Structures are given as C-alpha cells and as structure tokens.
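Colleague: Below: one structure in structure tokens.
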Amino acid sequence: MSSNYPIHETYIHPELINDLARIGLEIGIERYPEFHEMYEKAVKSSMIDPYQPNTKLNYQLEGWRRCKYHSVRRPDRGVKPDYRFIYRYDEDTGYFFKLATGKRNAKGVGGDSTYYDSHNREKTPNDFIKEQ
C-alpha cells in the first residue's frame, strides 16, 4: 500500500466494532463475508488517500471524512453506494482514526444513519483504541 500520506498509527473507536457486529446480525452470516471484504476495501482506499474529492463532512462532523462503498461486490447497475465509513487523518501525527460505518440514511432519524451515530460518539483521541 503506497501512499503520499504516511500512517504511523491507526486507532479504532470501540463503537465501530459494534457497528460491524450489528451489520452482521442485520444482513446475516451468509452475506457478511462479502460485506466485510467491501468494508476493508473502503478502509484501505481511505488510508491510501485520505483526502479523496468530495469526502469532507460538514456541520457537527467537520474535520471528519467519509468513504462511500457498496455492501456487495457487484451491485446492480445504477445503484448508489449504500454504506459509509467515517474517518479522520491527522497529518501532523500521521494518525488515522476509524470512527464508524453503517448505512446511509439521509433522514438520520432515531440513529438510522451512520452520520447521526458518528455525531453522537465521543471523538477525543482518548476515546479510541490503538490497533495492533
């Protein structure tokens, strides 16, 4: 993985682990491996180039970015990406923070949106766990 943005350490929010578990329960064990493959691809893409165009978030999530991705390898033609991965890259330290992943729901009512969930999570560096 070559990148112009060196990543010295990667941190994950504990709730992201819950996001993945919840998604696994929602889509089922048969479909989860394919979903997880696509999630890992989105994470890798974000780590290679954290400043991809049109990834900046605004309002309560200013300073964070998103990566849109499909939950399946071969989505139907014309289907937009249905999941989002929320992250932040700190250029000064080279730290990469993984905050959340989940379905995109424009309404975001009642926690149905990964943006809503991300906004409500504590986001200080102490709220993250260093990945090995």
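Colleague: Among the numbered criteria (1) part of a helix (DSSP H, G or I); (2) without any contact (Cβ under 8 Å) to a residue 40 or more places away in the chain; (3) open to solvent by less than 50 Å² (accessible area, probe 1.4 Å); (4) within 12 Å of Gly102 (Cα to Cα), which one does His36 miss?
Modeller: Result: His36 passes all but (3).
Colleague: Are there any pairs with C-beta distances below 7 angstrom linking a residue in the range 79-92 that is among the acidic types (Asp, Glu) to a residue that is open to solvent by less than 40 Å² (accessible area, probe 1.4 Å), with the two at least 6 apart or on different chains, and if so which?
Modeller: Asp82/Ser71
Colleague: Mind checking which pairs have a first residue in the range 39-60 that is within 19 Å of Lys123 (Cβ to Cβ) and a second that is in a helix (DSSP H, G or I), Cβ under 6 Å, 6 or more apart or different chains?
Modeller: Correct list of pairs: Gln60/His119.
Colleague: Out of the range 4-33, which residues are more than 21 Å from Arg104 (Cβ to Cβ) and either touching a residue at least 12 places away in the same chain (Cβ under 8 Å) or not aliphatic (A, V, I, L, M) (or both)?
Modeller: Across the range 4-33, the qualifying residues are Asn4, Tyr5, Pro6, Ile7, His8, Glu9, Thr10, Tyr11, Pro14, Glu30, Pro33.
Colleague: Something else: Taking only the range 115-129 into account, find how many residues are among the charged types (D, E, K, R) and closer than 18 Å to Leu20 by Cβ.
Modeller: 3
Colleague: Within the range 41-79, which residues are within 20 Å of Lys103 (Cβ to Cβ) and of a type in the set (Gly, Ala, Ser)?
Modeller: Within the range 41-79, Ala42, Ser45, Ser46, Ser71, Gly78 qualify.
Colleague: Out of (1) under 15 Å from the mean Cα position of the chain (by Cα); (2) more than 17 Å from Ser118 (Cβ to Cβ), the odd one out for Arg73 is which?
Modeller: (1)
Colleague: Could you figure out which of (1) more than 21 Å from Gln132 (Cβ to Cβ); (2) modelled with pLDDT under 95; (3) touching a Phe, Trp or Tyr at 6+ places or on another chain (Cβ under 9 Å) isn't true of Arg84?
Modeller: Only one criterion is unmet by Arg84, namely (2).
The values are calculated or read from the model by the stated rules, or taken from the named source; none is laboratory data. Remember, predicted model here, so these are calculated numbers, not experimental data. Every residue, glycine as well, gets a Cβ built from its backbone with ideal geometry; the counts of neighbours run over all protein chains shown. Surface areas here come from the heavy atoms of the whole protein model, side chains and all, with no ligands, DNA or RNA. Shrake-Rupley method; radii C 1.70, N 1.55, O 1.52, S 1.80 Å.
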